Amino acid sequence: MKSPSIAEQSRKWEATLQNTAEEKYCLRLYVTGTTPKSNRAVTNIKRICEAHLKGRYTLEVVDIYQQPVLAKGEQIIAAPTLIKRLPLPLRKFIGDMTNTDRILLGLDLRPLKLSKEANGKAKW
């Protein structure tokens, strides 16, 4: 069996990177009315998406007071909750979306950065 050449492997790798850069993100943010925390979550996730996913995302904001059936179907237990439906894997984020690094990591837009604590355990 013949191994692919380095040039062929490079072309495949570049095509994979290109596909990743063009992936569309499907996001749904569950909020509870117009509370300060809900408003902060909407503002923060829109800012993150515009900065890192401009033109490559859809964001649906769902008020669980107005559409409780949707929240029940997604098993929402806290709000605000962001669900990344696509690209797979599905991920959920709870809170006001102020931790940009954690959101970017969860959306697979930033590599995992580990730092060592004094006791030797990894922390991110």
Hits in segment 93-113 - residues which are of a type in the set (D, E, K, R) and crowded, with 17+ Cβ neighbours inside 10 Å: Asp96
Residue, surrounded by the fewest Cβ atoms within 10 Å (Cβ to Cβ), within segment 19-30, restricted to residues that are at pLDDT below 95 and either closer than 13 Å to Leu82 by Cα or acidic (Asp, Glu) (or both): Glu22
Lone unmet requirement of (1) touching a Ser or Thr at 6+ places or on another chain (Cβ under 8 Å); (2) in a loop (DSSP other than H, G, I, E, B); (3) surrounded by fewer than 19 Cβ atoms within 10 Å (Cβ to Cβ) for Gln75: (1)
Segment 34-58 - residue that is touching a Leu at 6+ places or on another chain (Cβ under 9 Å) and surrounded by fewer than 16 Cβ atoms within 10 Å (Cβ to Cβ) and, of those, nearest to Thr98 (Cα to Cα): Lys46
Which numbered condition Asp63 misses (of (1) within 18 Å of Tyr25 (Cβ to Cβ); (2) of a type outside the set (S, T, N, Q); (3) modelled with pLDDT of 95 or more): (1)
From Gly55, Gly33, residue being over 19 Å from the mean Cα position of the chain (by Cα) and either modelled with pLDDT of 95 or more or not polar (S, T, N, Q) (or both): Gly33
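The values are calculated or read from the model by the stated rules, or taken from the named source; none is laboratory data. The shown structure was predicted, so the numbers you read here are calculated from the model rather than taken from an experiment. Using ideal geometry, Cβ is built from the backbone for each residue, glycine included, and neighbour counts are taken over all protein chains shown.
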